[in-house]
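First the structure, in the form of structure tokens, and then the observations on it.
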Amino acid sequence: MIVFLVREDICHIQSDCRLFLSKAATRGLVLPQSSARGHFRLAPGEILHIDGKPAGGVTDGIARADAWLAHQLTLESDAVDDGRYQVWSQAA
């Protein structure tokens, strides 16, 4: 995924980000590439940059998020159509 952050009239772009879920799976986080510092979380109306990586195994958290997202896409509901999820695909 790609994250766009507008700060003080400058657009910062982080590409190749991954979704992360903690063991408690209470809130998803967005991890930038491993060479970039910090992570992102959603707040009402904005994306926040948090210094440092989330606690726990990053690889396990990414695997949990991948499994959660795959499950969400198999559900028969109108969640995608009613705006709760926005999915954009990009050709390889």
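The values are calculated or read from the model by the stated rules, or taken from the named source; none is laboratory data. Nothing here was measured: the structure is a model prediction, and the numbers come from that model. So basically every Cβ, Gly included, is an ideal-geometry build from the backbone, and we count neighbours across all protein chains shown. SASA here: full protein model, heavy atoms, side chains in, ligands and nucleic acids out. Shrake-Rupley method; radii C 1.70, N 1.55, O 1.52, S 1.80 Å.
Tell me the net charge near Lys23. Cut-off is 13 Å between Cβ atoms, Lys23 excluded, with +1 for each Lys or Arg and -1 for each Asp or Glu. The answer is +1. Accessible surface comparison of Val58, Val30, probe 1.4 Å, protein chains only, largest first: the order is Val58, Val30.
How many percent of the accessible area of segment 1-42 is carbon or sulfur, using a 1.4 Å probe? On segment 1-42, the fraction of accessible area on carbon and sulfur atoms equals 53 percent. The accessible area of Thr59, taken with all protein chains in place and a 1.4 Å probe, comes to roughly 110 Å².
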